[in-house]
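Engineer: This is the structure I want to talk about, given as structure tokens.
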Amino acid sequence: MSELAILVGLQASGKSTFYRRHLAGTHVLVSKDLLRNNRRPARRQAQLIAEALSAGRSVAVDNTSPTVELRKELIDLGRAHGATVTGYYFSAKLADCLARNAERTGKDRVPEVGIFATV
């Protein structure tokens, strides 16, 4: 049975590191960060999730997913495809996320306003 893993937490809270260490060998990665040039990233994300789950593959969604509504959309999509849905919440202090983010370079670095807007 396939799984939809939803990684929830602030930017720079450890979601991507967790994916690489624990899920990369078994789950397809879907993230809006990978869809930056797409005009409708939420729609494309849903398509990618649906395609992978329909093919029997497990998926990890690496977004902040800060609201119940955003998570519900993902949960409903996973359930519609018969997947087990697992949420991983990354509790992190804002100051720690800001410090880790400051160490990032290029496109990996999130504008601080984006982190504050997610809180």
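The values are calculated or read from the model by the stated rules, or taken from the named source; none is laboratory data. Just so it is clear, the model here is predicted, and its values are computed rather than measured. Positions of Cβ are backbone-derived with ideal geometry, glycine not excepted, and every protein chain shown enters the neighbour counts. Just so you know, the surface numbers come from the protein's heavy atoms only, side chains and all, with ligands and any DNA or RNA stripped out. Shrake-Rupley method; radii C 1.70, N 1.55, O 1.52, S 1.80 Å.
Engineer: Listed residues SER2, SER65; which is in contact (Cβ under 8 Å) with a residue 40 or more places away in the chain, on the phi > 0 side of the Ramachandran plot and touching a Lys or Arg at 6+ places or on another chain (Cβ under 8 Å)?
Structural biologist: Result of the check over SER2, SER65: SER65.
Engineer: When only residues in segment 1-53 that are of a type in the set (S, T, N, Q) and buried (at least 16 other Cβ atoms within 10 Å of the Cβ) count, which is farthest from LEU98 (Cα to Cα)?
Structural biologist: Per the criteria, the residue is SER2.
Engineer: Continuing with this model, one more query. Collect the residues in segment 90-111 that are open to solvent by less than 90 Å² (accessible area, probe 1.4 Å) and in a helix (DSSP H, G or I), keeping them in residue-number order.
Structural biologist: LEU94, ALA95, ASP96, CYS97, LEU98, ALA99, ASN101, ALA102, GLY106
Engineer: Pairs please, first residue from segment 22-37 and modelled with pLDDT under 95, second anywhere and in a loop (DSSP other than H, G, I, E, B), Cβ atoms under 7 Å, 6+ apart in sequence or on different chains.
Structural biologist: Taking only residues 6 or more apart or on different chains, the pairs are SER31/ASN63; LYS32/ASN63.
Engineer: Still on this structure: Determine which member of the set GLY82, GLY78, GLY87, GLY56 is surrounded by 11 or more Cβ atoms within 10 Å (Cβ to Cβ), outside any helix (DSSP H, G or I), at pLDDT 90 or above and in contact with a strand residue (DSSP E or B) (Cβ under 6 Å, 6 or more places away or on another chain).
Structural biologist: GLY87
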